[in-house]
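Enquirer: Okay, handing you the structure first.
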Amino acid sequence: MSARRRKFYGWGYADEGATPEEIRLLEQTLAARFGITSFDVTPAPRAEEITLRAPRLEVPAGLKDIVSTAHLDRLEHCYGQMFVDVARMFARSCPNPPDAIAFPRNEQEVTDALAWCDEAGAVAIPYGGGTSVVAGVEPPQADRIVSIDLRHLDRVLEVDAVSQAARIQGGVLGKELEAQLKPHGFTLRHYMQSFELSSLGGWIATRSGGHYATLYTHIDDQVESLRVVTPAGTLESRRLPGSGAGPSPDRMFIGSEGILGIITEAWMRVRKRPSFRASTTVRFKNFYAGADAVRAISQAGLYPANCRLLQAEEAAYTGPADKDAAVVVLSFESADHPVDAWMQRALELAAEHGGSWDAEALLNQGSHRAGAAGEWRDKFVRMPYLSEHMVARGIAATTFESAITWDRFKDFHSNVMDATRRAIKRATGREGSLTCRFTHLYPDGPAPYFTLTCPLDKAKMLQQFWDIKHVALQALVANGGTITHHHAVGRLHRPYYDQQRPELFAKALRAAKRALDPKGMLNPGVLIDPDRSEPAAK
Ligand SMILES: Cc1cc2nc3c(=O)[nH]c(=O)nc-3n(C[C@H](O)[C@H](O)[C@H](O)COP(=O)(O)OP(=O)(O)OC[C@H]3O[C@@H](n4cnc5c(N)ncnc54)[C@H](O)[C@@H]3O)c2cc1C
């Protein structure tokens, strides 16, 4: 059903992957860090090695053009892109595949696909790029399951150059979206790590966090209006630059993770491509000195485009290496004016907290590929291609992320690090590697992002992994943070999300779901369970 096949067991398309040089460097790094002398490499799975349960649905004649029950299509839609998703594919294990995949080509066909799910009593899972790392697209246990893949809704339909906004279909992937905006001189600039393979509808449904470290951190503020197909009908919000007319309909669907409806279109705020840039890396003696500096920067109203604080070990891994220091990758950009004054002031604040930098690096202006920020970005976007090679070698690689106010940050950070390190040791008997960086910054607190890498025993890989990961997730919530700053809730984070959100809010959300999806067929188990205390709506 697609011209270019996605890889079903890892990142990217079937015809691409990590280069031999990247794999060699990965092995060198793992060997140096964990003292591994030789690698036992599990071969990547072939589609024919994995048996899937027979489809339990008959596709009606009228939908045969857009619904597939082909083995490879079903295989591609079994999992997202978590470590355990790739690991289960390498274990050749997909016990609960979707029965069929619908590939609607327009909004009417989205409606038709939902109507079919309704008639057939099937669960419907909206599917954008399938890059969820929280089991957002993994089917729950159900008698019949249909994934609704929006890949054909892939166009920028209209550009309003006067208001700087564009009407864009929900299934378009990031790279294609930017390519279509470029001739108009605009960009959405929502460059998250998974940008190439994730979709606009997925970003809105998960409240994704882009590359801007401050100000426009989540997709939320770039949404002007939405069109959503629900089992109860289709709705469209009004295009407005702002509105005080009651609770926002857009905000109800932003972050709804496919449980309320399928986002088919959105008017998005776009901007001119930046032409003025300044970037550098600032070194600090340790992570907390760096944290104090970026707090000062974020509270000074400077709004850097990038302000990533990296722990020393992680900095060495992703590029701007400096053995003992913590590093801040700092950049400013504008389509309108030089940004040197902003950079100058940010560096003054950094210096007040002991920061030092290479004055030469400041000359690297102009292209986003230039300078330290460019180097960091290039390595960053290549990293997902290594995930399958880590799994093949029995190395756990996972991330978990949160946000916390500044007054509690240091305790939060040290408690989460301690609890997770203890869990790694308990589960594997080894130290592993655990690093932290800030992905986003607010005047009242940072979004800390933890990366865990650790050799596992291949025979009990999943058990060891879960023993560690659940301790880490519980530590985020127990220490006052959110279970997720931008990875969403999905099925993975549900037990922790339940601890943090008020119960009355869950009740209100269940009521909204009953109005829009009376039979509860859309992505059940994500965010909430059906309200069983009240009779189902007719
Ligand atoms: C290597 C890697 C790096 C990542 N980096 C980031 C990052 O920097 N920032 C970040 O925020 N996230 C990141 N993620 C997580 C993931 O990419 C995001 O959650 C992304 O927004 C998911 O988009 P998608 O199109 O792939 O959605 P999918 O994975 O297809 O779906 C995610 C959820 O949204 C629902 N959904 C999808 N499309 C629609 C729609 N049109 N209407 C209604 N519901 C829908 C699905 O049902 C599911 O619940 C990363 C993931 C990976 C694997």
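Enquirer: Return the pair list, or none, for Cβ contacts closer than 6 Å from residues in the stretch 247-271 that are farther than 25 Å from F103 by Cβ to residues that are hydroxyl-bearing (S, T, Y) and surrounded by fewer than 23 Cβ atoms within 10 Å (Cβ to Cβ), at least 6 apart or on different chains.
Expert: Hits for this filter: P249/S237; D250/S237.
Enquirer: Given the structure, is M521 at pLDDT 95 or above, out of contact with any Pro (no Cβ under 6 Å at 6 or more places or on another chain) and closer than 19 Å to I424 by Cβ?
Expert: Working: at pLDDT 95 or above: yes; out of contact with any Pro (no Cβ under 6 Å at 6 or more places or on another chain): yes; closer than 19 Å to I424 by Cβ: no.
When the stated conditions are applied, M521 does not pass them.
Enquirer: In the stretch 447-479, which residues are in a helix (DSSP H, G or I) and of a type in the set (V, I, T)?
Expert: I468, V471, V477
Enquirer: May I pose another question? Might you let me know whether the stretch 502-516 holds any residue that is in contact (Cβ under 8 Å) with a residue 40 or more places away in the chain, more than 26 Å from E236 (Cα to Cα) and either of a type in the set (F, W, Y) or assigned to a loop (DSSP other than H, G, I, E, B) (or both)?
Expert: Checked the stretch 502-516: no residue is in contact (Cβ under 8 Å) with a residue 40 or more places away in the chain, more than 26 Å from E236 (Cα to Cα) and either of a type in the set (F, W, Y) or assigned to a loop (DSSP other than H, G, I, E, B) (or both).
Enquirer: What pairs can you find where one residue is in the stretch 116-145 and free of Cβ contacts under 8 Å to residues at least 12 places away in the same chain and more than 29 Å from E176 (Cα to Cα), the other is in a loop (DSSP other than H, G, I, E, B) and near the ligand (Cβ under 6 Å from one of its atoms), and their Cβ atoms are less than 7 Å apart, with a gap of 6+ or different chains?
Expert: Cβ pairs passing all conditions: none.
Table: residues versus (1) over 12 Å from T280 (Cα atoms); (2) at pLDDT below 95; (3) in contact with a strand residue (DSSP E or B) (Cβ under 9 Å, 6 or more places away or on another chain).
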{"residue": "P304", "(1), (2), (3)": "no, no, yes"}
{"residue": "A315", "(1), (2), (3)": "yes, yes, yes"}
{"residue": "T318", "(1), (2), (3)": "yes, yes, yes"}
{"residue": "D322", "(1), (2), (3)": "yes, yes, yes"}
{"residue": "E348", "(1), (2), (3)": "yes, no, no"}
{"residue": "H353", "(1), (2), (3)": "yes, no, yes"}
{"residue": "L362", "(1), (2), (3)": "no, yes, yes"}
{"residue": "S367", "(1), (2), (3)": "yes, yes, yes"}
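Enquirer: Is there a residue in the stretch 469-480 that is of a type in the set (A, V, I, L, M, F, W, C), closer than 25 Å to F195 by Cα and touching a Gly at 6+ places or on another chain (Cβ under 8 Å)?
Expert: No, that holds for no residue.
Enquirer: Scan the stretch 159-177 residue by residue and report those that are in a strand (DSSP E or B) and either buried (at least 23 other Cβ atoms within 10 Å of the Cβ) or in contact with a strand residue (DSSP E or B) (Cβ under 6 Å, 6 or more places away or on another chain) (or both).
Expert: Correct list: V159, A165, A166, R167, I168, Q169, L173.
Enquirer: Can you find, within the stretch 209-232, the residue that is farthest from the ligand (Cβ to nearest atom) among those that are of a type in the set (G, A, S) and part of a strand (DSSP E or B)? Walk me through how you get there before you give the answer.
Expert: Step one: list which residues in the stretch 209-232 are of a type in the set (G, A, S), which gives 209-210, 213, 225, 232.
From the residues that got through so far, the ones that are part of a strand (DSSP E or B) too are 209, 225.
On the way: G209: 4, S225: 15 Å.
The extreme case among them is S225.
Enquirer: So which residues in the stretch 178-208 are away from the ligand (no atom under 11 Å from the Cβ) and assigned to a loop (DSSP other than H, G, I, E, B), if there are any at all?
Expert: Looking only at the stretch 178-208, we keep the residues that are away from the ligand (no atom under 11 Å from the Cβ), and these are 178-189.
Scanning the stretch 178-208 gives G185, L188, R189.
Enquirer: If A396 satisfies every condition in (1) closer than 30 Å to K175 by Cβ; (2) at pLDDT below 95 but one, which is the exception?
Expert: Failing condition for A396: (2).
Enquirer: Could I ask something else about it? Report yes if K379 is charged (D, E, K, R), away from the ligand (no atom under 12 Å from the Cβ) and touching a Gly at 6+ places or on another chain (Cβ under 6 Å), otherwise no.
Expert: Considered against the rule, which asks whether it is charged (D, E, K, R), away from the ligand (no atom under 12 Å from the Cβ) and touching a Gly at 6+ places or on another chain (Cβ under 6 Å), K379 comes out as yes.
Enquirer: Give the residue that is farthest from the chain's Cα centre (by Cα), with candidates limited to residues of the stretch 214-247 that are of a type in the set (A, V, I, L, M, F, W, C) and either at pLDDT below 95 or surrounded by fewer than 21 Cβ atoms within 10 Å (Cβ to Cβ) (or both). Steps first, please.
Expert: Keep residues of the stretch 214-247 that are of a type in the set (A, V, I, L, M, F, W, C), which gives 215, 219, 223, 226, 228-229, 232, 235, 240, 245.
Subsequent filtering for residues that are either at pLDDT below 95 or surrounded by fewer than 21 Cβ atoms within 10 Å (Cβ to Cβ) (or both) retains 215, 232, 235, 240, 245.
Numbers: L215: 18, A232: 29, L235: 26, L240: 27, A245: 31 Å.
The residue in question is A245.
Enquirer: Filtering the stretch 143-158 down to residues that are over 18 Å from the mean Cα position of the chain (by Cα) and assigned to a loop (DSSP other than H, G, I, E, B), which residue is nearest to the ligand (Cβ to nearest atom)? Lay out the reasoning, then the answer.
Expert: Taking the stretch 143-158 as the starting set, the residues that turn out to be over 18 Å from the mean Cα position of the chain (by Cα) are 143-148, 152-158.
With the extra rule that they be assigned to a loop (DSSP other than H, G, I, E, B), the set shrinks to 143-144, 152-155.
On the way: D143: 19, R144: 17, H152: 12, L153: 8, D154: 12, R155: 14 Å.
Among them, the one singled out is L153.
Enquirer: Another question about this same structure. Within the stretch 118-142, track down each residue that is surrounded by 24 or more Cβ atoms within 10 Å (Cβ to Cβ) and either assigned to a helix (DSSP H, G or I) or modelled with pLDDT under 95 (or both).
Expert: None; the set is empty.
Enquirer: I would also like to ask the following. With the structure loaded, tell me whether D457 is over 30 Å from A291 (Cβ atoms), surrounded by fewer than 17 Cβ atoms within 10 Å (Cβ to Cβ), acidic (D, E) and at pLDDT 95 or above or whether it fails that test.
Expert: Numbers: over 30 Å from A291 (Cβ atoms): yes; surrounded by fewer than 17 Cβ atoms within 10 Å (Cβ to Cβ): yes; acidic (D, E): yes; at pLDDT 95 or above: yes.
Yes; evaluated as a whole, the condition is true for this residue.
Enquirer: Name, by its number, the condition in (1) under 30 Å from Q464 (Cα atoms); (2) in a loop (DSSP other than H, G, I, E, B) that does not hold for R105.
Expert: Every listed condition holds for R105 apart from (1).
Enquirer: Continuing with the same structure: When the residues of the stretch 48-105 are narrowed to those that are among the basic types (K, R) and in contact (Cβ under 8 Å) with a residue 40 or more places away in the chain, which ends up surrounded by the fewest Cβ atoms within 10 Å (Cβ to Cβ)?
Expert: R53
The values are calculated or read from the model by the stated rules, or taken from the named source; none is laboratory data. Predicted model only: the values in this text are computed from it and were never measured. Using ideal geometry, Cβ is built from the backbone for each residue, glycine included, and neighbour counts are taken over all protein chains shown.
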